[in-house]
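Colleague: After the structure tokens below, expect a handful of questions from me.
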Amino acid sequence: MPKGVTKRRPRTRAALLKAALETFAEHGFQAASIEQICERAGFTRGAYYSNFASKEELFLALFDEHGEQIVRRLADAIDALAPEDYTLEKLAELASRVEPDERDWYVVSMEFTLHAIRDRQAAWVLARHDARLRAEIARGLALVVRRAGRELTVDADRFARLVVALREGGLAQSYVEPEALPPGSLEADFLAPLLQAVTRPSG
């Protein structure tokens, strides 16, 4: 492969991912066409198919990219804490932050989840990606709880599922009633006492 093509490929992929998120958010995952994504990104169908085999594969690439961003943002925020700030309350505060651009991703991911509920193959594939992200969340939870001088008394994967459910369920209500329930406020109110209930002093 020519060297120039190798250098362009990551940029092409990044542009297609950005265009896909915007197109899915505007038109919906099912209604959005590959042509619309290519037009928004400024590439041909050939460029699209040299990176992705289908819309589902493109969504899953978006899923992995978004998950990595969330984990990295939280990890960086936690690493920046002073040792005396490692408290369950501070950890809950950091975990409850919701970026302004989260709404578009939430709308797209929820629509794909409904698609996966109806399609067994899509469900199987999405579950594999969910599991990888959840494993990162579980490892991060166990680590930060230890830094706070505590340890989990429940299965880390199961608790990660509960944290995800709190996040996604809270956002669903927040985006419907943003004034009554600002995004992230459920986590801010209940994650710290929840962590207190499922942990104990270590050692």
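Colleague: Pairs of alpha-carbon atoms within less than 8 angstrom and 6+ residues apart define the contacts here; what relative contact order does the chain have, in percent? Mind showing how you got there, number by number?
Modeller: Numbers: 157 pairs, mean separation 43.9, N = 203.
Value for the chain: 22 percent.
Colleague: Same structure, new question: Between the stretch 83-162 and the stretch 9-40, how many Å separate their Cα centres?
Modeller: Comparing the Cα centres of the stretch 83-162 and the stretch 9-40, I get a distance of 25 Å.
Colleague: On to the next question. Quick one: what are the phi-derived ³J(HN,Hα) couplings along the stretch 65-81, Karplus 6.51/-1.76/1.60 with θ = phi - 60°, whole Hz, x for glycine and proline?
Modeller: Each residue of the stretch 65-81 in turn: 4, 5, x, 5, 5, 4, 5, 5, 4, 5, 4, 5, 5, 5, 5, 7, 6 Hz.
Colleague: Convert each backbone phi in the stretch 85-102 into a coupling constant with the Karplus relation 6.51 cos²θ - 1.76 cosθ + 1.60 (shift: θ = phi - 60°), then list the ³J(HN,Hα) values in order as whole Hz, x for Gly and Pro.
Modeller: Couplings: 8, 7, 10, 4, 5, 5, 4, 5, 4, 5, 5, 8, 5, 10, 6, x, 8, 5 Hz.
Colleague: Taking H placed 1.01 Å from N in the peptide plane, check which residues at least 5 places from Glu151 or on another chain put their amide H under 5 Å from its amide H.
Modeller: Arg200, Ser202
Colleague: Which entry is the computed Rg/Rh (Cα atoms, Kirkwood Rh) for this structure: (i) 0.95; (ii) 1.12; (iii) 1.02?
Modeller: (iii)
Colleague: In whole Hz and in residue order, list the ³J(HN,Hα) couplings for the stretch 155-169 that follow from phi through the Karplus curve 6.51 cos²θ - 1.76 cosθ + 1.60, θ = phi - 60°; x for Gly and Pro.
Modeller: In residue order, the calculated couplings are 4, 5, 5, 5, 5, 4, 4, 5, 5, 4, 4, 5, 5, 5, x Hz.
Values in this text are rule-based calculations from the coordinates and carry no lab data. Bear in mind the structure is a predicted one, so any value in this text is a computation, not a measurement.
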